[in-house]
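The values are calculated or read from the model by the stated rules, or taken from the named source; none is laboratory data. Small disclaimer: the values here were computed from a predicted structure and weren't measured. Cβ placement follows ideal geometry from the backbone for every residue including glycine, while neighbour counts extend to all protein chains displayed.
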Amino acid sequence: MNSWLKWLPPSWAHGLAPVGLGIYTSFKKFPTREWRSFEFAGVRFPNPLGIPGGMDKNGTSLETWKSLGAGFIEVGTVTPYAQKGNPGTVIDRDWHEQLLWNKLGFPSHGSDDVFFNLKSQKSELKIPLFVNIGKNRTRPNEEAEVDYIYLADRFSEVADALVVNVSSPNTLGLRDLQKNLNSWLKKVIDASRGKPVLVKLSPDLSQEDLFSCLDQCEEAGCAGFILTNTTSQRPGGSKFPVEGGLSGKILTETSRNILKKSLLHLGPRKNHLLVVSVGGILTPEEALARLDLGADLVQTYSGLVFYGPQFFEDTYQREAQNRNIEQRVES
Ligand SMILES: Cc1cc2nc3c(=O)[nH]c(=O)nc-3n(C[C@H](O)[C@H](O)[C@H](O)COP(=O)(O)O)c2cc1C
């Protein structure tokens with residue numbers, strides 16, 4: 001299935017993937033498998049492998065993601081008002097190096113449209129739904145909280161959790177919001193009507209800044225973290241422009257290390273937090289390895305592109321195989 005994406009120009013592949021996957025899942029549906037199921041804040045996850053932000057920015061294809069076997073879905077990033085993405089080439093990839101590049105810049109149908117989409121599908125969904133929120137590019141950073149508070153309040157009705165995106169490299173200055181989260185995050189949490197609020201962080205933070213973000217979020221009362229968004233780093237000899245973010249293989253080590261460091265730093269505080277690992281999970285084995293390291297949930301974008309839509313089912317099968325081997329060794 002992923003092979004047809006390979007032959008399409010990157011921007012077409014991105015636009016057509018949900019349509020193609022929709023057609024694919026109308027012929028081939030995977031069940032929602034129960035493995036490593038767990039509950040957090042009253043929300044039950046049948047399995048811990050989900051769809052990350054950016055796959056379905058407007059929440060139009062929830063049934064498709066569910067039919068791939070996803071344990072939860074994150075929609076967005078949604079902005080308050082509809083806005084177009086950045087001009088020019090905004091998507092590219094390197095199939096050989098398993099890299100995706102984008103500088104989409106939050107193209108969004110806006111909160112009214114997305115809210116309607118989610119409300120009309122939510123009752124049938126039966127797996128947790130996260131809504132990833134971001135400010136409009138015209139909203140200055142000093143007023144960013146206005147957008148986040150509005151979106152948290154609006155989507156708390158349909159979301160099982162909200163994700164505050166302050167880590168996209170594609171909205172000018174957005175990542176600076178990671179510097180003083182304690183000045184406004186609490187207000188977003190208060191607006192979320194008791195729904196858990198997670199913060200999605202950048203892989204490019206220094207260790208000191210990463211730890212400071214984790215502490216500020218935890219003190220503000222946030223429910224957890226999504227680690228990580230795309231990177232501004234480039235591999236040697238990279239053909240990609242310096243602006244924009246890279247996903248895929250370049251993030252495997254980085255995102256795994258950030259998960260390890262963050263868990264160590266949080267220590268016992270981790271027990272009441274939800275930690276989601278994303279970035280460079282290109283194989284079922286890597287998804288399981290992140291869970292074994294201590295992530296509560298994992299997501300993959302690049303894995304769906306480079307490995308294909310059977311990623312979710314194969315991860316379940318690999319988990320089942322491992323369990324069988326463990327049981328045989330024990331008995
Ligand atoms: C084309 C594209 C669009 C994305 N859009 C968003 C987005 O709107 N919001 C967000 O939080 N992350 C977005 N991401 C980042 C992914 O959710 C994920 O954090 C990142 O790609 C790393 O995971 P991966 O290596 O599995 O791709 C996007 C990624 C790609 C490739």
Report task. Could you tell me which numbered condition residue 173 fails, if it satisfies all but one of (1) in contact with a helix residue (DSSP H, G or I) (Cβ under 6 Å, 6 or more places away or on another chain); (2) more than 17 Å from residue 60 (Cβ to Cβ); (3) modelled with pLDDT of 95 or more? Result -> (3)
Query raised in the report: Given the structure, is residue 197 within 20 Å of residue 270 (Cα to Cα) and either surrounded by fewer than 20 Cβ atoms within 10 Å (Cβ to Cβ) or not polar (S, T, N, Q) (or both)?
Result: yes
Query raised in the report: What single numbered condition from (1) in a helix (DSSP H, G or I); (2) within 16 Å of the ligand (Cβ to nearest atom); (3) under 21 Å from residue 165 (Cβ atoms) fails to hold for residue 266?
Result: (2)
Query raised in the report: within 14 Å of the ligand (Cβ to nearest atom) and farther than 17 Å from residue 172 by Cα: does that describe residue 137?
Result: no
Report task. Within region 33-70, work out how many residues are farther than 18 Å from residue 227 by Cβ and buried (at least 21 other Cβ atoms within 10 Å of the Cβ). Result -> 13
Query raised in the report: Does region 125-148 contain at least one residue that is touching a Pro at 6+ places or on another chain (Cβ under 9 Å) and acidic (Asp, Glu)?
Result: yes
Query raised in the report: Out of all the residues in region 71-93, is one or more surrounded by fewer than 22 Cβ atoms within 10 Å (Cβ to Cβ), among the acidic types (Asp, Glu), in contact (Cβ under 8 Å) with a residue 40 or more places away in the chain and not in a strand (DSSP E or B)?
Result: no
Report task. Would you please name the residue that is nearest to the ligand (Cβ to nearest atom), looking only at residues in region 270-281 that are within 22 Å of residue 39 (Cα to Cα) and touching a Leu at 6+ places or on another chain (Cβ under 9 Å)? Result -> 278
Query raised in the report: Just for region 12-32: of the residues that are assigned to a loop (DSSP other than H, G, I, E, B) and surrounded by 16 or more Cβ atoms within 10 Å (Cβ to Cβ), which one is modelled with the lowest pLDDT?
Result: 30
Report task. Among residues belonging to region 94-134 that are in a loop (DSSP other than H, G, I, E, B) and without any contact (Cβ under 8 Å) to a residue 60 or more places away in the chain, point out the one that is nearest to the chain's Cα centre (by Cα). Result -> 134
Requested in this report: Quick one: residue 147 ticks every box in (1) over 25 Å from residue 272 (Cα atoms); (2) touching a residue at least 60 places away in the same chain (Cβ under 8 Å); (3) not in a helix (DSSP H, G or I) except a single one, so which number is it?
Outcome: (3)
Requested in this report: Considering each residue of region 146-167, count those that are over 22 Å from residue 202 (Cβ atoms) and within 16 Å of the ligand (Cβ to nearest atom), and give that number.
Outcome: 2
Query - Evaluation of residue 238 against (1) modelled with pLDDT of 95 or more; (2) of a type in the set (S, T, N, Q); (3) more than 15 Å from the ligand (Cβ to nearest atom) (one fails), failing number - result: (1)
Query - Candidates 233, 207 - the one that is over 23 Å from residue 312 (Cβ atoms), surrounded by fewer than 20 Cβ atoms within 10 Å (Cβ to Cβ), out of contact with any Asp or Glu (no Cβ under 6 Å at 6 or more places or on another chain) and modelled with pLDDT under 95 - result: 233
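Residue-by-condition table, conditions (1) away from the ligand (no atom under 16 Å from the Cβ); (2) among the acidic types (Asp, Glu); (3) closer than 30 Å to residue 88 by Cα:
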{"position": "254", "(1), (2), (3)": "no, no, yes"}
{"position": "283", "(1), (2), (3)": "no, no, no"}
{"position": "288", "(1), (2), (3)": "no, no, no"}
{"position": "297", "(1), (2), (3)": "no, no, no"}
{"position": "301", "(1), (2), (3)": "no, no, yes"}
{"position": "312", "(1), (2), (3)": "no, no, no"}
{"position": "319", "(1), (2), (3)": "yes, yes, no"}
{"position": "324", "(1), (2), (3)": "yes, no, no"}
Query raised in the report: Within region 233-251, is even one residue under 28 Å from residue 34 (Cβ atoms) and under 17 Å from the mean Cα position of the chain (by Cα)?
Result: no
